[in-house]
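Every number here is computed from the coordinates shown, using simple stated rules; none is lab data. Quick caveat: nothing in here was measured; it's all calculated off a predicted structure. Here the Cβ positions follow ideal geometry from the backbone for every residue, glycine too, while neighbour counts run over all protein chains shown.
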Amino acid sequence: MNAANPIGVFDSGVGGLSVLREIRSALPSEDLLYVADSAHAPYGDKSQQFIEERSIAITEFLISRNAKAIVVACNTATGAAITTLRSRFSMPIIAMEPAVKPAVANTRSGVIGVLATSRTLASDNFVKLFARYGEDAEILGQSCPGLVEQVETGDLSGDKTRLLLERYVLPLLERGADTLVLGCTHYPFLAPLIQQIAGPGVAVIDSAAAVARQLRHRLEAGHLLADKGEAGTECFWTSGAVDKARPLVSQLWRSETEVFALPASAGHKMEQDCLIRTLRELDLPGF
Ligand code: DGL
């Protein structure tokens, strides 16, 4: 494995960009590849088998682009597919973990709220976290249907997003939570609104910076840190509509970001169907 190779990062959509920005700030020289599986977001209502298949196909795509390490920048894909990914691929694979440990260390009221998808809250990983820290604090899990979709449309502060957040956050505050964990990588983009709703006395935390530190540590240990003295690059792909993804990625990442269509080789059925349609239209033999 070559230290000059890029790092591959993926999520069900654009939420993993909240992890990517921490990776960029912790590792300024690394080249970064990002796949948003937006055609299939949210993962939260998909089967475990589907999420595993998507995670494998995207990891294979990133490896075909020479990725030296993979970051699963999605709590839901971590819960559903991390064991399979680690058993299939030998490179460093870094995964998400909701920031329950720092939240338990931070709380003064002894009550923390965890905002996540229902799939993440039901995952083995979360059940283990609950068992490990549940004696030190009351841990309230809150699933948040609809929030991923709001971020996927770039609505970070509109009325519908605010109403959904009030519905999920206020009951946690009423039960005494003084620390809120963002257990889905889409939610840090809603952090300003969550903080506004929760008030200044409530801490809102996520694990993106910790994941970036963990990635740095793994690369260092494997002598895989890029040592070129110049700024790294980023390249973005989406399985969704490219013309929708460009303005969204530009909004969440930085202006004028180029986004490419995820190729059919990444197991993307819509792309394959589209290719077959095109070949049919060209009237090629065999289609
Ligand atoms: N960003 C994903 C996560 O961290 C969103 C989940 C989903 O697509 O349902 O869980």
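For the chain, the direction-averaged projected area of the alpha-carbon convex hull comes to 16.5 nm². Once the Cα atoms are used to define both axes, helix 124-133 deviates from the longest principal axis of the chain by about 30 degrees.
Enter the angle in degrees (range 0 to 90, nearest 10) between the Cα long axis of helix 75-88 and the first principal axis of the Cα atoms of the chain, meaning the one along which they spread out most. Long axis of 75-88 versus the principal axis of the chain: about 50 degrees. The value obtained for region 2-65, namely the Cα convex hull volume divided by the number of residues, is 83 Å³ per residue.
Going by the alpha-carbon gyration tensor, a ≥ b ≥ c the square roots of its eigenvalues, is region 58-182 rounded (a/c under 1.5) or, if a/c is not under 1.5, prolate (a/b greater than b/c) versus oblate? Oblate shape, in that a/c is at least 1.5 and b/c is the bigger or equal ratio. Cβ crowding within 10 Å, taken as a proxy for footprinting-reagent exposure, orders His217, His223 from fewest neighbours to most as His223, His217. How high is the relative contact order of region 1-129? Use alpha-carbon pairs under 8 Å, at least six apart in sequence, and give a whole percent. Rounded, it is 27 percent for region 1-129. Computed per residue of the chain from DSSP H runs no shorter than four, each worth -39500 (n - 2.57), the mean residue ellipticity at 222 nm is -13500 deg cm²/dmol. For region 124-219, the normalised intensity computed at q = 0.11, 0.13, 0.23, 0.25 Å⁻¹ comes to -0.37, -0.51, -1.28, -1.38 (log10 of I(q)/I(0), Debye sum over alpha carbons, equal scatterers, no solvent).
When only alpha carbons are used to place a centre, region 149-215 and region 238-253 end up 22 Å from one another. Region 1-63 to region 83-114: how many Å between their Cα centroids? Here the answer is 17 Å between Cα centres. Taken one residue at a time, the phi angles of region 147-162 give Karplus couplings (6.51, -1.76, 1.60, θ = phi - 60°) of 5, 4, 4, 4, 5, 5, 9, x, 8, 9, 8, x, 4, 5, 5, 4 Hz. Gly and Pro are set to x. Among 126-138, 8-20, 186-198, 242-254, sorting by the average number of other beta carbon atoms lying within 10 angstrom of each residue, highest first, gives 8-20, 186-198, 242-254, 126-138. Here the label points at Ala221 and Thr233, each 7 Å from Cα along the C-beta direction, are separated by 3.1 nm in the simple model.
With K and R counted +1 and D and E -1, the other residues having a Cβ less than 15 Å from that of Ser255 yield a net charge of 0. Highest mean first, the peptides 30-41, 57-68 sorted by other C-beta atoms within 10 Å per residue fall in the order 30-41, 57-68.
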